[in-house]
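The values are calculated or read from the model by the stated rules, or taken from the named source; none is laboratory data. This is a predicted model, so every value here is computed, not measured. Positions of Cβ are backbone-derived with ideal geometry, glycine not excepted, and every protein chain shown enters the neighbour counts. With ligands, DNA and RNA removed, areas are computed over all heavy atoms of the protein, side chains included. Shrake-Rupley method; radii C 1.70, N 1.55, O 1.52, S 1.80 Å.
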Amino acid sequence: MAGINQKQLQRLIILIVLRRRLRRQNEKYKKRFWMRKIYQERILKGEFHLLIKEMILFDHEYFFRCFRMVPATFEKLLSWVSPYIQKKTTKMREPVSPSERLSVTLRYLVTGDEQTSIAASYRISPSTIGRIIGETCQVLWQVLIEKGYLTAPKTKEHWKKIAREFETKWNFPHALGAIDGKHVVMQAPARSGSDYFNYKKTHSVVLMAICNADYEFTLVDIGDAGRQSDGSVYANSFLGHAIDNNLLQLPEAEKLDPSDPSSKTYPYVFVADDAFGLKTFMMKPYPGQNLTIAERVFNYRLSRARRIIENCFGVATSRFRVFRKPIIANVEKVINITKAVVVLHNFLMATRSPEDTHSYCPLNYTDHESAAGQQSGEWRRGENINEGIVPIPQTGSNNYSKSAKNVRDDFKEYFNSKQGAVSWQMDMVTRTLNTFDK
């Protein structure tokens, strides 16, 4: 060590320490083998190459239970996404095929199983399963958007078509859609502090959505941080900003009966629950319990139209049980998973046949009414265990303008008039239920 000064000695010590640290890191991350033996037998013993292919050939009913679609619909969807998830073949190993990638993703979305259990069944490593799910969810959103399964109305005539369907099917004229929001619960993101910590003491991102009269989503806003306080969830969303600032080309107010020159004009509105604020373009129920018959009639007619969005969320979360518990993923992947479920819901609703036993949404799966009163859809039976998606808090103030109050009062008067009343509404709001009857 002769001839080395103090500064050179310090540099030499640092160099030795760095080399030892690098050697330890290389030893720590050194792979014991290229691929586990159980993964090498994926094509011979993996679930997709044995059970799934057998179901495609011989058991369509069980295939539907596993993937929420029949094999023909699966093949149709695969033909669209296959070019975007196809991987190149290498000399080292055979890549996971597009059909197997789509199967893995649907298995995760439908069941919500842990990635390690899916990896064991399909004989694919958990890290690869995670990448497949993230990539395929993103492709599903892009492809199905291009195919038109989630298209925002772009013209006033398109909005009026939705309103006519609401009036025909749910007896609420000038309704442009039902709006509501949910918190999609997830694990606490790394280094996020309290950004995603919501009022339910969980971490989440916000899903704000509007649906049409056929239980299909028309506008969605996904990804806002769950920490937002009461009143700011809607106001801070892109969807709320677009509605409040009239950026959606909404139609102007019109008469419900053009042949009557003395009739009032009514604006086109969205129907919502108590969580939203009352505005000229946003109708909510009359609050309280001591309501007049006319106000109860309005609340009933509003509820008939508003519950469509509740059914949208209910059917989607019942069919895609990834929302039954908090999602274990980073924020970007949670958003992609939510997007995939939204467009898959619309895709399967558009291809469904309610009379078919293999239907995504059969007749008994949504709220309906009978002579005994409103009956609950099948999805509500498991509503109490939906811990992965929760309602948003109140998003609007209880204060509202006089013009908004006048619009609600006008609709109330119309629903109680000879022209706007329906034959069964008085029975619904005045009937007395026996609490001992099921």
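Over 21 Å from I222 (Cβ atoms) and of a type outside the set (S, T, N, Q), is that true of L239? Don't jump to the end; show me each part of the working.
Details: over 21 Å from I222 (Cβ atoms): no; of a type outside the set (S, T, N, Q): yes.
Judged against the criteria, L239 is not a match.
Can you tell me which of (1) under 20 Å from F411 (Cβ atoms); (2) surrounded by 15 or more Cβ atoms within 10 Å (Cβ to Cβ); (3) of a type in the set (D, E) is the one E216 doesn't meet?
The one condition E216 does not meet is (1).
Taking the residues in the range 304-334 that are in a loop (DSSP other than H, G, I, E, B) and either assigned by the TED database to the domain that holds T116 or not hydrophobic (A, V, I, L, M, F, W, C) (or both) as candidates, determine which candidate is surrounded by the most Cβ atoms within 10 Å (Cβ to Cβ). Give the steps one after another, and end with the answer.
Kept after step one, since they are in a loop (DSSP other than H, G, I, E, B), are these residues of the range 304-334: 320, 325-326, 328-330.
Then drop every residue that is not either assigned by the TED database to the domain that holds T116 or not hydrophobic (A, V, I, L, M, F, W, C) (or both), which leaves 325-326, 330.
Details: K325: 14, P326: 19, N330: 15.
Once the filter is applied, the top-ranked residue is P326.
Would you be able to tell me the number of residues in the range 181-209 that are of a type in the set (D, E) and in contact with a Leu (Cβ under 9 Å, 6 or more places away or on another chain)? Give the derivation first.
At the first step, the residues of the range 181-209 found to be of a type in the set (D, E) are 195.
Next, only the ones that are in contact with a Leu (Cβ under 9 Å, 6 or more places away or on another chain) stay: none.
Looking only at that region, the number is 0.
Would you pick out the residues in the range 142-164 that are part of a helix (DSSP H, G or I) and open to solvent by 80 Å² or more (accessible area, probe 1.4 Å)? Give the steps one after another, and end with the answer.
Kept after step one, since they are part of a helix (DSSP H, G or I), are these residues of the range 142-164: 142-146, 156-164.
Residues satisfying the conditions are Q142, E146, E157, K161, R164.
Does A340 qualify as being modelled with pLDDT of 90 or more, in a loop (DSSP other than H, G, I, E, B) and farther than 25 Å from M283 by Cα? Give the steps one after another, and end with the answer.
Working: modelled with pLDDT of 90 or more: yes; in a loop (DSSP other than H, G, I, E, B): no; farther than 25 Å from M283 by Cα: yes.
Answer is no for this residue.
Please go through the range 93-113 and give me each residue that is within 23 Å of I327 (Cα to Cα), out of contact with any strand residue (DSSP E or B) (no Cβ under 9 Å at 6 or more places or on another chain) and open to solvent by less than 30 Å² (accessible area, probe 1.4 Å), ordered by number.
Taking the range 93-113 and keeping what is within 23 Å of I327 (Cα to Cα), we get 100-113.
Right, trim to out of contact with any strand residue (DSSP E or B) (no Cβ under 9 Å at 6 or more places or on another chain) and you get 100-111, 113.
Matches in the range 93-113: E100, R101, L102, S103, V104, T105, L106, Y108, L109, V110.
The conditions are (1) open to solvent by 20 Å² or more (accessible area, probe 1.4 Å); (2) over 26 Å from G223 (Cα atoms); (3) assigned by the TED database to the domain that holds A72, and E167 fails exactly one of them. Which is it?
(3)
Aromatic (F, W, Y), modelled with pLDDT under 85 and open to solvent by less than 70 Å² (accessible area, probe 1.4 Å) - does that describe any residue in the range 369-380?
Residues of the range 369-380 that are aromatic (F, W, Y), as a first pass: 379.
Now narrow it down to the ones that are modelled with pLDDT under 85: 379.
Still in the list and also open to solvent by less than 70 Å² (accessible area, probe 1.4 Å): 379.
Looking for residues that are aromatic (F, W, Y), modelled with pLDDT under 85 and open to solvent by less than 70 Å² (accessible area, probe 1.4 Å), one finds at least one in the range 369-380, hence yes.
Just wondering, is there one or more residues in the range 241-252 that are more than 28 Å from the chain's Cα centre (by Cα) and exposed (fewer than 14 other Cβ atoms within 10 Å of the Cβ)? Write out each step before concluding.
Taking the range 241-252 and keeping what is more than 28 Å from the chain's Cα centre (by Cα), we get 252.
Those left that are additionally exposed (fewer than 14 other Cβ atoms within 10 Å of the Cβ): 252.
There is at least one residue in the range 241-252 that is more than 28 Å from the chain's Cα centre (by Cα) and exposed (fewer than 14 other Cβ atoms within 10 Å of the Cβ).
Could you list, in sequence order, all residues of the range 269-285 that are aromatic (F, W, Y) and open to solvent by 20 Å² or more (accessible area, probe 1.4 Å)?
Of the residues in the range 269-285, the ones aromatic (F, W, Y) are 270, 276, 281.
Of everything in the range 269-285, just one residue is aromatic (F, W, Y) and open to solvent by 20 Å² or more (accessible area, probe 1.4 Å), namely F281.
Picking from T90, T116, which residue would you name as being under 21 Å from K37 (Cα atoms), over 25 Å from the mean Cα position of the chain (by Cα), free of Cβ contacts under 8 Å to residues at least 40 places away in the same chain and open to solvent by 40 Å² or more (accessible area, probe 1.4 Å)? Walk me through how you get there before you give the answer.
Numbers: T116 fails: over 25 Å from the mean Cα position of the chain (by Cα).
Checking each option against the conditions leaves just T90.
I'm told F197 meets every condition in (1) open to solvent by less than 40 Å² (accessible area, probe 1.4 Å); (2) within 17 Å of P393 (Cβ to Cβ) except one. Can you identify the failing condition by its number?
Result: F197 fails condition (1) only.
Kindly provide the set of residues from the range 24-54 that are modelled with pLDDT of 80 or more, charged (D, E, K, R) and open to solvent by 100 Å² or more (accessible area, probe 1.4 Å), ordered by number.
Passing the criteria: K45, E54.
Filter the range 407-423 down to the residues that are open to solvent by 70 Å² or more (accessible area, probe 1.4 Å) and without any contact (Cβ under 8 Å) to a residue 24 or more places away in the chain and list them by number. Break it down stepwise before answering.
First, pick out the residues of the range 407-423 that are open to solvent by 70 Å² or more (accessible area, probe 1.4 Å): 413, 418-419, 423.
Matches in the range 407-423: K418, S423.
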